[in-house]
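Single-structure report; data block below.
Every number here is computed from the coordinates shown, using simple stated rules; none is lab data. Because the structure is a prediction, the values reported are computed rather than measured. Note: ideal-geometry Cβ built from the backbone for every residue, glycine included; neighbour counts use all protein chains shown.
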Amino acid sequence: MRHIAALLFLTSVCLAGCSREPADEGNAAATSNTWAAVRDGLIEDYLKAHPAWAVVQGRHEFDGMLPDWSAAGIAREIERLEAARARAAGVQISDARERFERDYLVARFDRDLFWLEDAQAPFTNPATYIDWMSDNLDPAPYLTREYAPLDQRMRAYIRYARSVQQAAGQIRSNLRMPMARPLLDRGVSLFRGFAEFFKADVPGIFAAIKDEPGKDEALQKELADANGAAAKAMADLAAYLESQRATATDAFALGPEKFARMLQMTEGVTTPLAQLEAAGRADLERNQKALREECAKFAPGATIPACIAKMNANKPKGGAVEGARAQLAGLKTFVQEAGVATIPGPEEARVDQSPPYNRANSAYIDIPGPYEKGLPATYYISPPDPSWTPQEQRDYIPGQADLLFTSVHEVWPGHFLQFLHSNRNPSVVARNFVGYAFAEGWGHYTEEMMWEMGLGNGDPETHIGQLTNALLRNVRFLCAIGLHTKGMTLAECEKMFVSDAFTDIGTARQQSTRGTYDPAYLNYTMGKLMIRKLREDWSASRGGKQAWRQFHDQFLTYGGPPIPMVRRDMLGTAEGSLF
């Protein structure tokens, strides 16, 4: 979701142990037991241990560095996280706000420990290295964020490219064979995409430096050498995974016990899986009923697929990127005039096409971190896969109404507005750590909420666009549970996207595969359902819908902790159902 006068003096690759430096003896965090001092020390340690994530947050003294992804380095990180967790939990705190902040930080440590220790993700899932680990391989900060002059970012990228060469060897050593086929496919696509992007696109990004007086031509050679070696390292890694295809298996499932532990450790959700599945299925049926009613108005007598096809036939002028650009101003005005939520600053989001190495999902937004100042966010939209048939490619481009709610989700009042709030949060924990279910739950929640508050003025086509987005996330929710706990096959999940969410085959194939390597993608609907239930319970004594703006503003003050924590704090009780 987030991928930032930088300090560019760090020139070495992050070798084993470089992120384990002890706290400075003069640092108050090392000598004081107050929560503020302990907290600040733990966050600085976290930044050192996760240098690529630190760069995304805007800490450019870490430019060019990747973490130690060797097996020994990962083992040391598990030890560090366990010690950090114990250190935080051991602080005696009387203030309620500080206790909440402490529990929030501990929750982040638990989240990381699950993926590293319980799930063994760096050893079983290539997607770990780009999609959802704290650190990842994404070079976007150096290429698309203008936090420093281009020549300085070029030097940072050269250091990054050298780091990639070492990281590729560590990743290859980590990945255990035989590997589940869809995870292997994701790895091949991911690493091949990096190689192609490095080779084809990166030189052009920095080409302008050649024509600037006083720039050292040797720097261009340095770039060519480092970038070429990084491209080769990624291509070799993709080729290695490809060579393992004959031994690939279908064993991608976490299993019920580990899946339930994922929900508890990463999102604080302890609801039994059967109850959770029932809540998701009820939401699916609610949205399907609403879709049937709207299609009866929009396309009388037509089948549901024909109704959706009619909605999707109204393509955005100039394509999805141009269409989204045209939508954002109107959405911002609606947020302001309808009293949806407070907009705390003047920032705007740009819209662009997704880079080739990161097109596994249709759209996402890259938002500068809390340590950056004055940099724009970019809302990225992915083009169709060129390997698909022409018809599949045409079908993949969203209709105008469908795209509208993607723009709601990503920008106004979804992720972009949420991060305008979290980046300004007075808590350093809230500024730095935003959870999956909080972020994606909020983004998805805003789609239906905007319709409920009057976006589209009751137009059936607009509502169908919202409902198709909701149904996609409903099926993600049910597929995640099915694929990882109930023996659902990939083909069965793909069929469900077509039959229950009425998607095109290209989207169904893409989304079903994502469920294998991103088991937590149920967080979109799970987060939405928790927010809706919290809004219902909180607003009941405050005038219902007229209190929604107050609810939204208060919800966004939390930054992004597990939603059950927010529920307990806003309601003053742990009682009651999350869903």
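Overall shape: prolate for region 369-526, with the ratio a/c of the largest to smallest alpha carbon gyration tensor axis at 1.5 or above and a/b above b/c.
For Gly339, nonlocal amide neighbours, meaning residues 5 or more places apart or on other chains whose placed amide H falls under 5 Å from its own, do not occur. For region 184-305, the orientation-averaged shadow of the C-alpha convex hull comes to 15.6 nm² (one quarter of the hull surface). DSSP loop (so not H, G, I, E, B), at most 14 other Cβ within 10 Å: list which trypsin sites (Lys or Arg not before Pro) in region 289-363 pass both filters. Counting only loop positions with at most 14 other Cβ atoms within 10 Å, the trypsin sites (Lys or Arg not before Pro) in region 289-363 are Lys317. Between the amide H of Gln353 and those of Ile381, distances stay under 5 Å, these residues lying 5 or more places away or on another chain, with hydrogens modeled in the peptide plane. By definition, a body whose alpha carbon gyration tensor gives a ≥ b ≥ c is oblate when a/c is 1.5 or more and a/b is not larger than b/c, and region 18-247 fits this oblate description. Between amide H atoms placed 1.01 Å from N, distances below 5 Å from Ala363 occur with Ser382, all of them 5 or more places distant or on a separate chain.
Would you mind classifying region 398-491 by shape? Square roots of the alpha carbon gyration tensor eigenvalues, ordered a ≥ b ≥ c; an a/c under 1.5 is rounded, otherwise it is prolate if a/b is larger than b/c and oblate if not. Oblate, since a/c reaches 1.5 and b/c is not below a/b.
All Cα-Cα separations within the chain were binned at 10 Å from zero, giving a P(r) of 3, 17, 28, 29, 17, 5, 1, 0, each value a whole percent of the pairs. Checking every one of the GluC sites (Glu not before Pro) in region 492-579 against DSSP loop status and a limit of 12 other Cβ atoms within 10 Å picks out Glu575.
For region 188-201, the Karplus equation 6.51 cos²θ - 1.76 cosθ + 1.60, evaluated at θ = phi - 60°, returns couplings of 4, 4, 5, 6, 5, x, 4, 4, 5, 5, 4, 6, 8, 10 Hz by residue, with Gly and Pro reported as x.
Phi angles of region 544-553 translate, via the Karplus equation with coefficients 6.51, -1.76, 1.60 and θ = phi - 60°, into HN-Hα couplings of x, 4, 5, 9, 4, 4, 4, 4, 4, 5 Hz per residue; Gly and Pro are given as x.
If you take all other residues with their beta carbon under 13 Å from the beta carbon of Pro460, and give Lys and Arg +1 and Asp and Glu -1, the sum is -1. For region 393-398, 3J(HN,Hα) computed residue by residue from phi via the Karplus equation (6.51, -1.76, 1.60; θ = phi - 60°) reads 5, 5, 5, 5, 5, x Hz, glycine and proline entered as x.
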